[in-house]
Amino acid sequence: MAMNKLESIFEKFINKSSIFLNHEVLRHDFIPDELPHREEEILKFGEILAPSLRGLKCSNLFVYGKTGTGKTAVARYVLRQLQKKSLELNRKVTICYVNCRTIGTEYRILSSMCSAIGVKIPFTGLATAEVLKRFKTRINDLNVSFIVALDEVDVLVKNHGDDMLYALTRINEELSQSKVSVIGISNDLYFKDMLDPRVISSLSEEEIVFKPYTAEQIKDILLQRVRLAFQPNSFPESTLNFCAALAAAEHGDARRALDLVRVAGEIAERKGEKIVREEHVQEAQRKIEHDRVFEVLSSLPLHSKILLYSAYMLSKNNNEATTGSLYDVYRVLCERFNVEALTQRRVNSLLTELAMLGILDARIVNLGRYGRTKKIRVNVSEETFKKVFSTDERLKFLGLSGK
Ligand code: ADP
Ligand code: MG
């Protein structure tokens, strides 16, 4: 019986005509041949990097804008074209693109730079300064224009400070032949506040700001991608407009728009429908939001989770949580977990963090002559909440059974 059912799932899958033509083009790392509404940024990028083709040093470049405004796509697009041109003209231009969020450490970033010029670095074991030294020694012999693009560089600086950036922007002082230029890309608009003024002034020799897309612009981006991704007529314009409007409301985020298109398509496909409709987009929106919250919650440190659980328990018992009552419950739970409770002060700063992530709502209430307190509410659906807590080994004994 089970076998037959399984068989029929496979059969259905094989025989079904997919509404997708090419699912790959909806992946995050796909870069289309054209990037609508980013011509100006592409040309400016190109102008800044062009001197490398004549063996000159390009200005360092600092790029910033909110997520989904096309920074990564434009950078990779221009670097790819530049590499192509340099090969065509037989010019020595070496390009190294790294994403600092995925690559993570200074050591690994410097290793990637070494690897781009043929220097092998062991996975671990050297001091970071030694890796940098090996890079300098080798690059100096090569007589190349070296361009390193540090995407999501704000993450690197938040975790490890700006020492490596400082070293990279100074490196040319010690090189006689080669030139090194740095492109820093940040999703955080306030990134500069974290930097030493000397790093700012050398990194921002040039700057490009990416503005959020309007609904119209997102629509053009989606049109281009939907044509490549879906069978003709299976993704109507009305559905597309709906996706564009939702994403535009969300700070003009093209990634969100493309996610909506992809997930809505998958939902329609799974339901065996031939056309992607608004209701599929709405369902996609809910799923994406759920996944996002789930991810944020799952990666919280233990104490934040305990706090959240305390707030949840209070709200379950119809007690509005205040900072005081929350702390009491938190302390009791910590005892049950056999972990040492943090001070009220530390807990308050964790609360502020949770509020900033949108997981909690914290509202300051005036109690007249009793002073002021914060009223706290959990902003996460019970279903998501239970799922997270039931997947965390350490919290399992609380007996929250999620699905
Ligand atoms: P950012 O790096 O600014 O967060 P990305 O470059 O990753 O944004 O863009 C998010 C998604 O939207 C990517 O899948 C990218 O291909 C797509 N995208 C962004 N801008 C455009 C554009 N102008 N044309 C086509 N696709 C775009
Ligand atoms: Mg990016």
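The values are calculated or read from the model by the stated rules, or taken from the named source; none is laboratory data. What you see is a predicted model; the values in this text were computed from it and never measured. So basically every Cβ, Gly included, is an ideal-geometry build from the backbone, and we count neighbours across all protein chains shown. We work out accessible area using only protein heavy atoms, side chains counted, and drop any ligands, DNA or RNA first. Shrake-Rupley method; radii C 1.70, N 1.55, O 1.52, S 1.80 Å.
Placing +1 on the Cβ of every Lys and Arg and -1 on the Cβ of every Asp and Glu, with nothing else charged, gives the chain a dipole about its Cα centre of roughly 640 debye.
Relative to the longest principal axis of the Cα atoms of the chain, the long axis of helix 278-298 makes an angle of roughly 90 degrees. With contributions of -39500 (n - 2.57) from each DSSP H run of at least four residues, the per-residue ellipticity at 222 nm computed over the chain stands at -17000 deg cm²/dmol.
The mean accessible area for residues of segment 213-297, using a 1.4 Å probe and ignoring ligands and nucleic acids, is 48 Å² per residue. Residues of segment 81-111 falling in the label zone of E47, defined by backbone nitrogen less than 18 Å from a point 7 Å along Cα to beta-carbon, are 82. The accessible surface of segment 213-297, taken with every protein chain in place and a 1.4 Å probe, is 50 percent carbon and sulfur. Find which of I42, V131, N338 sits farthest along the positive direction of the dipole of the chain, computed with +1 on the beta-carbon of Lys and Arg, -1 on that of Asp and Glu, about the Cα centre. About the Cα centre, the residue reaching furthest to the positive side is N338.
In loop segments of segment 309-350 as defined by DSSP, the GluC sites (Glu not before Pro) with at most 16 further C-beta atoms inside 10 Å of their C-beta are E320, E340.
Backbone phi angles across segment 343-351, fed through the Karplus curve with coefficients 6.51, -1.76 and 1.60 (θ = phi - 60°), yield HN-Hα couplings of 6, 3, 4, 5, 4, 4, 6, 5, 4 Hz in residue order; Gly and Pro are listed as x. Note on the chain: GNM, Cα springs under 10 Å; of L367, L150, L56, the largest mean-square fluctuation is that of L367. Look at the alpha carbon pairs under 8 Å that are at least 6 residues apart: their mean separation over the length of the chain gives a relative contact order of 16 percent.
Taking label positions 7 Å along the Cα-Cβ direction at both R54 and Y166, the computed distance is 3.5 nm, reported to one decimal. Only lysines eight or more places from K316 in sequence, or on another chain, were considered; those with a Cα closer than 28 Å are K287, K305, K374, K375, K386, K387, K396, K403.
A simple rule links phi to the HN-Hα coupling: the Karplus curve 6.51 cos²θ - 1.76 cosθ + 1.60 with θ = phi - 60°, which for segment 352-359 gives 4, 4, 4, 5, 5, 6, x, 7 Hz, with x for Gly and Pro.
Among G371, L351, N317, flag the residue with its Cα farthest along the positive direction of the charge dipole of segment 300-398, charges on Cβ as +1 for Lys/Arg and -1 for Asp/Glu. Toward the positive end, the furthest listed residue is G371.
The stretch between R198 and N143, if pulled fully straight at 0.36 nm per residue, gains 17.1 nm over its current Cα-Cα span.
With the highest mean first, a sort of the peptides 39-49, 299-309, 62-72 on other beta-carbon atoms found within 10 angstrom per residue produces 62-72, 299-309, 39-49.
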